[in-house]
Amino acid sequence: MALRSTATAWGPVTRAFHWGMLVLFAGIVPVGYYMTDLPLGPQKLKVYALHKSVGLTLLALAVLRLAWRLGERRPALPPMPAWQARAAGAAHVLLYVLAFAIPLSGWLFNSAAGFPLQWFHLVNLPALTGPDPALKAAARELHESLVAVFLVVVGLHAAAALKHHFVDHDTTLRSMLPGRGGRP
Amino acid sequence: MRTLFTAALLLAAGTAAAAPTYPVLATQSSLSFVATQQGEKFTGVIRDFDARVSYAPEDLAHSGLEATMRLKSIDTKSPDRDQAIGTADWFDVARYPTATFRTVAMRMTPTGPVADADLTIKGRTKRIAFPFAWKATAGGATLDARVALDRLDFGLGGGEWADESMVAHRVEVVVHLTLAAPVAAAPAKPAAH
Ligand code: HEM
Ligand code: HEM
């Protein structure tokens, strides 16, 4: 099977990025909400460290995924109203933007708070800015709001995919699902 | 000011001998430590401290270093961390507001002077060797030192916090004192009562 997307289906690389990142997002979001309420202690710092490591991994994957995607063709959509095609396209662009903006806002918050940043105990990353209480508060707001927007967009995006699959019985979902499904 | 006063008292008490006492220029001096959190070094500056320095290489018996550090003044450039550092797991500043350093003996080694000193942090005292570099300057002298400590020796971050992947055990203390010309060693008049 070719790695690239074809006229009828997303290629395996795009699918791997798509579902791999979904799994990581599904893990990091609840961890993010959960960790802020933990009492201060090493346990809390460890969960934060994990959150940040996974978040940085998602940022790296977003870079790789976008680089790969720019060289890809887009499989033709099954017949659907033009507004749906446009909405889907806009959602995809927005999801790409958020896949960068969310981890970057987390990194900014972390920097302004003066916290260390280490990727899985292996590499330390520099702060984007010096400690700054005002910026810290703003970046925290931003991080949280971007996640909220993300959850709404992903919800619509997933609902649309499921609607195409179960209601319209078209190939939208199958063109992205693992396996050989493509568009006829 | 306080240093001058202490010096005057000591002179009055007749305990000071040939080793002169140097007033510490607070604004040009710093007391800090370098620790490692999640693989990243950070510096904690102890802004509020007093130090007393009497030193003469030819009279080590009467030389001595003393410092009192008020730990509420620790600044690590992260308000969250500063707050955490004051809690019972770390410095417990509510119960132990100060740390003290007091030499018990002074000796000369091939690499320079070494003070053997009692360092007390969080109510625990440990005898440490404190090698330092002394440089006479036009206006007085400078004293520089860099000494590694194990934070667990002082009960800083025990229990769950003992995990080195979060905060390393080794902490370096960095001292830079700028000293003005010594207080005149002339016999002081008796302290006023
Ligand atoms: C890429 C995906 C990421 C997602 C989906 C995500 C999601 C979240 C969520 C849901 C929260 C809880 C929001 C709140 O209640 O305040 C949170 C908090 C946090 N995130 Fe992220 N995050 C991501 C990446 C990162 C990165 C890369 C960093 C740091 C480099 C980071 C640092 C933080 C920090 C420090 C907090 C705690 C905020 C606080 O203590 O108030 N995040 N994140
Ligand atoms: C809950 C689960 C999800 C489902 C069921 C789902 C489903 C799909 C489907 C069927 C497609 C193909 C649409 C088409 O061909 O036009 C697609 C594409 C896409 N999805 Fe999702 N998705 C989900 C979650 C996510 C998440 C969390 C992201 C976030 C980053 C995301 C980002 C994208 C993007 C950017 C595309 C366009 C293809 C590309 O450029 O990589 N999806 N998704």
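All of the numbers you see were taken from the coordinates with simple rules; none came from a lab. No experiment lies behind these values; they were computed from the predicted model shown. As a convention, Cβ positions derive from the backbone with ideal geometry for all residues, glycine included, and neighbour counts pool all protein chains shown.
Think of segment B:69-170 as a dipole: +1 on every Lys or Arg Cβ, -1 on every Asp or Glu Cβ, centred on the Cα centre; then among B:P110, B:T76, B:A148, B:P110 lies furthest on the positive end. Taken along its principal axes, the alpha carbon cloud of segment A:59-122 reaches lengths of 51, 22, 15 Å, longest axis first. Structure remark: mean-square fluctuation, Gaussian network model of chain B, C-alpha springs under 10 Å; the largest value among B:T100, B:T109, B:T43 belongs to B:T109. For segment B:46-116, taking the reciprocal of the average inverse distance between every pair of different Cα atoms yields a Kirkwood hydrodynamic radius of 14.0 Å. Ordered by the count of other Cβ atoms within 10 Å of each Cβ, fewest first, A:H169, A:H143 give A:H169, A:H143. 3J(HN,Hα) couplings calculated from phi for segment A:102-115 with the Karplus curve 6.51 cos²θ - 1.76 cosθ + 1.60 (θ = phi - 60°) are, in sequence order, 5, x, 5, 5, x, 5, 5, 4, 4, 5, 5, 7, x, 7 Hz; Gly and Pro show x. For helix B:2-13, what angle does its Cα long axis make with the longest principal axis of chain B, in degrees from 0 to 90 and rounded to 10? Between helix and principal axis, roughly 50 degrees.
Going down the list A:K44/B:K122; A:K52/A:K136; A:K136/B:K41, which pairs span over 22 Å between their C-alpha atoms?
Going by Cα-Cα distance, A:K44/B:K122 fall outside the 22 Å limit.
Relative contact order of segment B:18-180: 25 percent, from C-alpha pairs under 8 Å at least 6 residues apart in sequence. Please find, in a Gaussian network model of chain B (springs between Cα atoms separated by less than 10 Å), the residue of B:L60, B:L152, B:L31 whose mean-square fluctuation is greatest. Looking only at B:L60, B:L152, B:L31, the biggest GNM fluctuation is shown by B:L152. Under a cut-off of 24 Å between alpha-carbon atoms, report the lysines in cross-link reach of B:K126, not counting same-chain residues fewer than 8 places apart. By straight Cα distance, B:K126 reaches B:K72. Largest first and in whole Å, the equivalent-ellipsoid semi-axes of chain A read 35, 17, 15, each the square root of five times a Cα gyration tensor eigenvalue. Pairs of C-alpha atoms in segment B:18-180 farther apart than 28 Å represent 22 percent of all such pairs.
Building the convex hull from the alpha-carbon atoms of the protein assembly as shown and averaging its projection over directions returns 26.2 nm². Considering only B:T36, B:T27, B:T98, the mean-square fluctuation computed in a Gaussian network model of chain B, springs between alpha carbons under 10 angstrom, is largest for B:T27.
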